[in-house]
Each structure stands twice: as C-alpha cells, then as structure tokens.
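Asker: Questions regarding the structure given below will be posed in turn.
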Amino acid sequence: MNPDIQTWIEQLRSGDVRTLARAISTVENRAPGWSELLKALFPHSGKARVLGLTGPPGAGKSTLVDQLARFYRKDGRTVGIIAVDPTSPYTGGAILGDRIRMQEHFSDPGIYIRSMATRGSLGGLARTTADVTTVLDASGRDLIMIETVGVGQDEVDIVRLADVTILILVPGMGDDVQTIKAGIMEIADIFVINKSDRDGAENVEREIRTLQSLAMRHDGWTPPIVKTVASQGVGIEELAAAISDYEAYLQKENLALNKSVENWQERLIEMLRDALLEKARTQLGDGNLARLAAEVAEHKRDPYTLVEEIATKAGRS
C-alpha cells in the first residue's frame, strides 16, 4: 500500500479531524488516490449505525438531526452528519443555509458535519454520499446521520445506504401525504410527525395508518409513528427509543444481514453502472460522441446497435 495512504488511515483512525476532512474531499472530488483510499478504508468500516432522514422541504429535518446529535452526544456516542443539499445551477455548490443551525457543534470533536451538493444526482443523494459514509464509518464514528434533500418520489436512494430510514412529515401538507405515498412512504422504517403541536397532526397520523393498512412489509415490521416538536426538543427521546427498537428487531433472524445483502445488491449494480459509464465516456471522447450523435440524428445509424457496440468495448477494457 502507498505509505501516504497508510499514514492517512492511521491519522484518520486516531480521530484527526483535519485528515478526515481531507479524506472526504479526496473521495468526493475523485482526486488522485481516491479509489486506493476507499479500498484501504473499507475493511475498517461496517461498525457505524447509519440513519437516513428524509422528507419534504420544510419538514424540519435539519433541526431534528441537530437534536438527535445532541441526544447521542449526551449518551457519549460520536456522530457524523452528512447533509445533502440541492445544487446551485450556477456554481455546482450546495445552496441551503440550514447548516448554520448546527454551528454550535463545530467546537465538539465528537460531531463531524459535512454538507454535500447533489450535483444533479437523482434520488436526493450525491453520487459519492455512500463513499463519504464509508470514510466516516472507518474513522470510528458510532452513528452517521444522512439528511437528504427531500424531493419526493426519487428519494428512495437513501434506503440502499441507511440501516434505519426515518421519514419526516409535518401537519398542513393536505393531500401531499397521498401524493408521495407511491415513492417514499414504503421506505420508512420510522415515521416522524414533526411540528406536531400544529393543527392537523392527528390527520397526518390517520393518513399514515391508513396507508400502512394497505400494504404489509416483507420483514413484518410495522413502522412506528413518533410525534416531535424538534425546535423544542420534544419527542427526541422517543424517536431514539424507536430507532433502538428497530435495531433490536433487525438483529432477530439475521434481518440485519439480509437487509445489508439487499442494499449491496443495489449498490453494486449502481457502482458497476458508474464504472462502465466512465469507461465508455473515456473511450468515446467528446468529439466522437458528437459525431455519433449526429449520425443517429440523421438516421445514418440506429442508437440500439451503437450502444451495444460501446457497451461491449467498455466491458472488454
């Protein structure tokens, strides 16, 4: 192994925050050595509990993450937070400002916060979020919380990465609960009704119960509904207890392993797709792609045969 990489890993594992930040930047930006670094870190990962928090914009996800982080820190556990933000169409950078609410945690070495831009990825997750999670996991964090954009039905990517998926809803959404049911409703291991001091919290709970009665999960788990007022810290202890209950449930009959195998099946396909696409792009080059696109546009070639040829070449290299 590259001695520089070995030094990185030792510093990372010893809790050096600057090394952690550098490692995450290397992975996120696909800088030289990113792949070697991940290969070396992977054997040290797999111990952290990964929580995914998702839901529509304005549901109070950041505040809830903030309160959960406080709760776990009081319990003596170390926390990593990945906040996946929408991307600015102009700079490619993250555009949300709710990380400011977590600023007081920056002086606590037991909490590491990282904002990531989606950079156009579907599903609300940045393409490299999984890799950044591996880095945080290998650094020895006990818990990793991933707060995603909350864009609706495309939000299902989080389920491939999180051990526990928490869907946060709020009163006043009206029929919105119905409109998102075909997407993210099925992926929730725990439902949270935040801002539950508002009128309509009972209606949201009733809608969730109705939707739950229509479909049985294959693992037999019935996701609990926890009411919170995150801005006041209300219901956080109950949410942590619900997370703990689901973790205990997963330990029964190898459910945790089964879930992990399912997640890795999806992620391996995703990784293969990315790797093959990168190879195909490298082989084609911008000039060739434009030329081939022109041939298809002018109906000189059919796209189906063309794609088969490109895929075959990419697979051989």
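Each value in this text was obtained by applying a stated rule to the coordinates, not by laboratory testing. Bear in mind the structure is a predicted one, so any value in this text is a computation, not a measurement. We place every Cβ from the backbone using ideal geometry, glycine too, and count neighbours over all the protein chains shown.
Asker: For the pair GLU247 and HIS44, what calculated FRET efficiency results from E = 1/(1 + (r/R0)^6), where r is the Cβ-Cβ distance and R0 = 25 Å, to the nearest 0.05?
Answerer: E(calc), rounded to 0.05, equals 0.75.
Asker: On to the next question. Stretched out fully, how many nm does the piece from THR282 to ALA294 gain, at 0.36 nm a residue minus the Cα gap?
Answerer: Gain in length upon complete extension: 2.4 nm.
Asker: Let me ask another. Each label point is 7 Å from the Cα along the Cα-to-Cβ direction; what then is the distance between the points at ALA275 and ARG316, in nm?
Answerer: Result for the modelled spin labels: 2.0 nm.
Asker: Within region 30-84, report the trypsin sites (Lys or Arg not before Pro) that DSSP leaves as loop and that have at most 11 other Cβ atoms within 10 Å.
Answerer: Those satisfying the criteria are LYS47.
Asker: Measuring from label point to label point, each 7 Å out along Cα→Cβ, what is the TRP264 to ARG198 span in nm?
Answerer: With each label placed 7 Å out from Cα toward Cβ, I get 4.1 nm.
Asker: What is the ratio of the Cα radius of gyration of region 265-316 to 2.2 N^0.38 Å, with N the residue count, to two decimals?
Answerer: So region 265-316 has a normalised radius of gyration of 1.27.
Asker: Counting only Cα, what are the radius of gyration and maximum Cα-Cα distance Dmax of region 10-56, in Å?
Answerer: Gyration radius and largest Cα-Cα distance of region 10-56: 12.7, 39 Å.
Asker: Which of THR19, THR63 has the fewest other C-beta atoms within 10 Å, and how do the rest follow up to the most? Could you put the intermediate results ahead of the total?
Answerer: Working: THR19 18, THR63 21.
Going from sparsest to densest Cβ surroundings: THR19, THR63.
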